[in-house]
Amino acid sequence: MTANDSTSASPRESFYMGETVSVVGVCVDEETWRFLGLFADSTGLIQLRTRVGDYRSGQDQDAVLEYLGNPAPDICLVDFDKDRRAAAIMAERIHSGLPDTAVFAVSSQTHPDAILEAMRSGCGEYLVKPIDREQLVKAVARIGARRKEKQEQGRAQILAFMGSKGGCGTTTLATQLGALLASSFSRSSLLLDLHPDFGDAALYLKLTKSRFHFFELLENTDRLDADFLKSFVMRHSSGLELIPAPEGSVASREALPAGALTHALSFLRLRYEFILVDLPPALNDENLTVIRDCDYLYLVTVAEVSAVRNVVRQLEYFHSKEIPREKIRVVLNRHHKRNVVSDAQIEKVLEQKIFWRVPNQYPQVVKTIHEGDPVAQLSSSEVTRSLEDWAESIGKKPGTEGKKKEGRGILGLWER
Ligand SMILES: Nc1ncnc2c1ncn2[C@@H]1O[C@H](COP(=O)(O)OP(=O)(O)OP(=O)(O)O)[C@@H](O)[C@H]1O
Ligand SMILES: [Mg+2]
């Protein structure tokens, strides 16, 4: 089979690989390059970036790597036929200088020594000319999968919080859990307050001197970069960062550009380990966008008939919107053994287990929020112990001890 024959299956086939993998060719011959072009068009698996015409053997490592372009390609295809020695040196340089770039050798030589030489110089694949289409598909798929895995490792978990009705303690739990993830488990954490009006997160963290709010960021996502983000973010002494809600109401509610929220979340995901979102208890489009994107939705409720009935309605609504049930977790706040509605009754009516119970300690929680002072009292409170265990279950890095064992607890979180 010739190279051209092997790509003749033209209507574009669909392979799901996430984004296309970028390829740079080094000294790749004309016919192979043409085959790669047809392969790129027919499969969409690769995107040919450039073909460079020499091995740059006389140049230093930095110059060689620069020569391949910035950002570095996902795959560098080095043709060994023109000069095997120079090709091997180039492959070695790419392999050691660009650990995220895979090096593939291409050659018409099939002798085991030739293959061994290429592999020793850091080539992960050896493609014999004319390139076999299936072999290339598999090799590219491996690189795509590896890249996806890496990207996912660098993605924040999005934890959305929504009350079953106002006043269930959603903001209290989101702010305290965020502060604990940052302080006790050293996790870079961001809290987004998505209330269009009357958001309390800034107040609860005593970060009330904000310049800009989250809806302004959403109106300007085309300008979103690291510097622009800085002007929105406020930092709490626990390490938790916050982008607050508007002080009053949002003036231009209709003006949010389509896709702005999704774009902002994917931008922020690359910069934090945890993003907590304080959602208003409403079934609107913005909430739904966040809920679709989030890893977990914590539905915060209390053991009251009206609140539990709302959870049932919310679960029905999310079911109708095809939100997977596994990512919805019911949190019972202000829990007390003698609650009028029992845990068993709640679980029965929801047909779902209660994920977390946070005890009822009104004086301590209120004092914390309003005075910011009784830290010692709160640090030993049952609420904090419960939230620390919750934070530990999601934020503890394997093989590490959280700082909570040092006896600090939430101590200092509200100190500034
Ligand atoms: N575990 C708890 N024990 C006792 N009181 C609590 C607890 N959690 C929250 N509260 C109290 O409940 C009240 C409401 O809390 P919070 O503002 O966090 O609720 P919310 O669901 O965010 O309300 P909103 O709908 O206004 O946004 C506050 O006074 C807070 O101190
Ligand atoms: Mg609130």
Length gained when the stretch Ala258-Ser342 is fully extended (0.36 nm per residue, less Cα-Cα span) | 25.9 nm
With N residues in region 154-406, Rg(alpha-carbon) / (2.2 N^0.38 Å) equals 0.98
Spherically averaged projected area of region 5-152 from its Cα convex hull (nm²) | 8.3
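Averaging over every viewing direction, what projected area does the convex hull of the Cα atoms of region 328-368 cover, in nm²?
On the way: hull surface 13.5 nm².
For the Cα atoms of region 328-368, the hull's average projected area reads 3.4 nm².
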Counted neighbours (other Cβ, 10 Å), sorted fewest up, put Tyr126, Tyr204 in the order Tyr126, Tyr204
Going by how many other Cβ atoms sit within 10 Å of their own, how do Arg338, Arg147 line up, fewest first?
-> Arg338, Arg147
Would you mind telling me which residue in Phe161, Phe198, Phe274 has the biggest mean-square fluctuation in a Gaussian network model of the chain, where springs connect alpha carbons within a distance under 10 angstrom?
-> Phe198
So in the chain, what percent of DSSP beta bridges are antiparallel if you round to the nearest 5?
-> 5
Proportion of all alpha-carbon pairs of region 173-282 beyond 21 Å (%) | 30
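Would you calculate a helix-derived [θ] at 222 nm for the chain, using -39,500 (n - 2.57) for each DSSP H run of n ≥ 4 and dividing by the full residue count, to the nearest 500? Walk me through the intermediate numbers first.
Numbers: 16 runs with 166 residues, N = 416.
The helix contribution divided over the chain gives -12000 deg cm²/dmol.
What is the sum of charges, Lys and Arg at +1 and Asp and Glu at -1, for the other residues whose Cβ falls under 10 Å from the Cβ of Thr262?
Working: positive: Arg292; negative: Asp293.
Cβ neighbours under 10 Å give a net charge of 0.
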May I ask you to sort Met234, Met90 by Cβ crowding, counting other Cβ atoms within 10 Å and putting the fewest first?
-> Met234, Met90
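Each reported figure results from applying straightforward, stated rules to the coordinates on display, with no laboratory input. Quick caveat: nothing in here was measured; it's all calculated off a predicted structure. No Cβ is skipped: glycine too gets one built from the backbone with ideal geometry, and neighbour counts run over all protein chains shown.
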